[in-house]
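None of the figures in this text is laboratory data; all of them are computed from the coordinates on show. Keep in mind it's a predicted model, so treat the numbers as computed, not measured. When we count neighbours, we look across all protein chains shown, and the Cβ atoms used for this are built from the backbone with ideal geometry, even at glycine.
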Amino acid sequence: MRTVRRGARAFGAFWWDFLIGDTPELFVAVLAVVAVALLLRHHHLAAVIVLPVMTVVSLVASSLRGRRSGPRAPAEPAADPGPPSAGGTGASD
Amino acid sequence: MNPTSTVVLVLAVFGASTVEMVEALTLVVAAGVTRGWRSALEGAAAAVVVLGVLVVAVGAPLIHYVPIDTLRVVVGALLLVLGLAWLRKAILRASGLKALHDEDAIFAATSAELAGDPAAAPARGRDSVAFAVAFKGVFLEGTEVVLIVVSLGASQHRLGIAAAAAGAAALMVAVVGAVVARQLSRVPENSIKTVVGVMLCSFGLFWVGEGAGVHWPGSDLAIPAFVGLFAVVTAATVVWLRAAGPSSVPAPGPARPGTPTPGRAVP
């Protein structure tokens, strides 16, 4: 039971990190792109213009947010290799 | 599906797999050098087998049982999330606002940690620490590759080609790693990651639209057009952020001869 719970937690943590992580704005932006795509599916010209623009704007805005968010961890390696016996390898990117 | 999008699919999967396997190789080599090669290689091989099983177990049912339009919207959204995150990271690194992934430092830190582990490596039999580190390294790095393989492969009904491209990249990295007998710190990871991010975003946007019922002009030819669009936007954003100045440059790591300066010396 404990193993199942631990596995479920690790599974949830993986998806949380994968989908949201430190860029929740990108997750929200993609949800918005999907919603707009569904809304504009009968208005092809509008969709063809709006969807790429939304995607590009969200990328640029998120990059700007990354620039403004202040200094990050000094060096990735410090947080990267996990302990050999537990935790993980921190292999996020 | 025309040949152009198949080529882009193969390039995207091959590039993603190369980047992730280079990172995994660092951990496998660290475990092999410090604890013994046999257990490290067994751990890496076991992870590859599990990842292969995942591709078949998840990918095949997706192709056969999920309606193609639903699959394309979901897969497109996943690819967009992953692609945008990779591109953002690549932009910040290329702009000098985020430290580059330093395989040398990761190797040194992991080796030091493993060498200092109180559980001594057994003279015979399997070293569980080396096995676990190599397994986790390959499995965790490979999970993103599996997602990309399953997503791109299932949405285009090209699961075999996508899996073959990922396998070829993993094999190439393993062979090169074996030949040079060390981690591959000179691989231009950020450049590859940028290219793959551009491709993932292009496929993601294309599939979200297609799945929702939007008809892109030129059908599949929209994919290379998106590749061009994202490439131009990425390059422009990097130039812009560099010109805007380092408002949040991270403190540099310990400088070593031959170590690229964060964000600049991408080989």
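Key figures
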{"quantity": "Peptide B:219-231 - average C-beta neighbours from other chains (10 Å radius)", "calculated": "1"}
{"quantity": "Under 11 Å, Cβ to Cβ, from residue B:194 - net charge with Lys/Arg +1 and Asp/Glu -1", "calculated": "+3"}
{"quantity": "Amide proton proximity set for residue B:100, modelled H, under 5 Å, gap of 5+", "calculated": "B:263"}
{"quantity": "Relative contact order %, the stretch B:45-181, counting alpha carbon pairs below 8 Å whose residues are six or more apart", "calculated": "44 percent"}
{"quantity": "10 Å Cβ neighbours from other chains, averaged over peptide B:88-99", "calculated": "5"}
{"quantity": "Ordering of A:14-22, A:35-43 by burial proxy (mean other Cβ atoms within 10 Å per residue, highest first)", "calculated": "A:35-43, A:14-22"}
{"quantity": "Most to least packed among B:46-55, B:130-139 [average Cβ atoms within 10 Å]", "calculated": "B:130-139, B:46-55"}
{"quantity": "Mean Cβ neighbour count within 10 Å, used as a protection proxy, ranking A:51-62, A:1-12 highest first", "calculated": "A:51-62, A:1-12"}
{"quantity": "Phi-based couplings in Hz for the stretch B:232-244 (Karplus 6.51, -1.76, 1.60; Gly and Pro marked x)", "calculated": "5, 5, 4, 4, 5, 5, 4, 4, 4, 5, 5, 5, 5"}
{"quantity": "3J(HN,Hα) from dihedral phi, the stretch B:93-99, Karplus parametrisation 6.51/-1.76/1.60, rounded to Hz, x for glycine, proline", "calculated": "5, 5, 7, x, 9, 8, 5"}
